[in-house]
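Notes for the one structure printed next.
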C-alpha cells in the first residue's frame, strides 16, 4: 500500500503532465478559432487518409496503454509483483514500438502527448511496485494501481491525450 506522500508525488507528477497537455490542447483550439492554422497545400490531400489513420491508431494506443485496460488485458494470476511489473512495462513498450512509425503523420505535440502518456504510465507502475514488498503478488500490484487510478481519475492522462488526438484529427477533416 502506498503512503500519503507517495500518492501525492505520483498525483502531482500526473497533474503536471496533464496540465501541460491541456495547455497545448487549449492553444491549438485557440489557433483554430482564430483561423491561424496554415492552409493545406495540394500535395497534402494525398496524405490525409494516412494522417487520419495515424491519429486513429494513436487513439487506440492511448486506450490500450491506459492502466485499467492494460491491467485487464495483462492480468495473469500467480505472478509475483516484479513479474507483473515487468509484464506491464513490456506490454506498454511493445504497444508503443508497434505504433512508433505513426509519428511521421502526426504533429510533434500529438507524438509528445503519446510519449508522455507512455512514460507516465511506466513511472506509475514502477513507483507503485517499488513500494510493495518482494513477497507481494502481481494481483497486489494490479489492485494498488487500480486503486490509485480510481482515487485520482483526473490524474489519468489517457483521456486528455485521446481528446487532443481526436481534436487534431478533426482539424485535418475540416
Determine whether region 93-103 contains at least one residue that is closer than 23 Å to residue 130 by Cβ and surrounded by 14 or more Cβ atoms within 10 Å (Cβ to Cβ).
yes
In region 129-146, the residues that are under 18 Å from the mean Cα position of the chain (by Cα) and surrounded by fewer than 16 Cβ atoms within 10 Å (Cβ to Cβ)
146
Number of the condition not met by residue 130 [criteria: (1) without any contact (Cβ under 8 Å) to a residue 12 or more places away in the chain; (2) touching a helix residue (DSSP H, G or I) at 6+ places or on another chain (Cβ under 7 Å)]:
(2)
Keeping to region 104-118, report how many residues are buried (at least 18 other Cβ atoms within 10 Å of the Cβ) and farther than 20 Å from residue 18 by Cα.
1
Residue list for region 133-153, restricted to those being in contact (Cβ under 8 Å) with a residue 60 or more places away in the chain and touching a helix residue (DSSP H, G or I) at 6+ places or on another chain (Cβ under 7 Å):
138, 141, 142, 144, 145, 146, 148, 149, 152
Taking the condition at pLDDT below 95 and within 23 Å of residue 123 (Cβ to Cβ), does residue 105 pass?
no
Taking first residues from region 6-19 that are more than 15 Å from residue 117 (Cα to Cα) and second residues anywhere that are buried (at least 19 other Cβ atoms within 10 Å of the Cβ), the pairs with Cβ under 8 Å that are 6 or more apart or on different chains are 7/148
Here the qualifying pairs (Cβ atoms under 6 Å; residues six or more apart or on different chains; first in region 24-53 and closer than 21 Å to residue 114 by Cα; second outside any helix (DSSP H, G or I) and modelled with pLDDT of 75 or more) come out as 50/105; 51/105
When the residues of region 37-54 are filtered to those that are surrounded by 14 or more Cβ atoms within 10 Å (Cβ to Cβ) and either closer than 14 Å to residue 98 by Cα or out of contact with any helix residue (DSSP H, G or I) (no Cβ under 8 Å at 6 or more places or on another chain) (or both), which remaining residue is modelled with the lowest pLDDT?
47
Please state which one of 121, 86, 126 is crowded, with 18+ Cβ neighbours inside 10 Å and either under 12 Å from the mean Cα position of the chain (by Cα) or at pLDDT 95 or above (or both).
121
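The values are calculated or read from the model by the stated rules, or taken from the named source; none is laboratory data. This structure is a prediction, so every number in the text was calculated from the model and none was measured. Note that each Cβ is placed from the backbone with ideal geometry, even for glycine, and that neighbours are counted across all protein chains shown.
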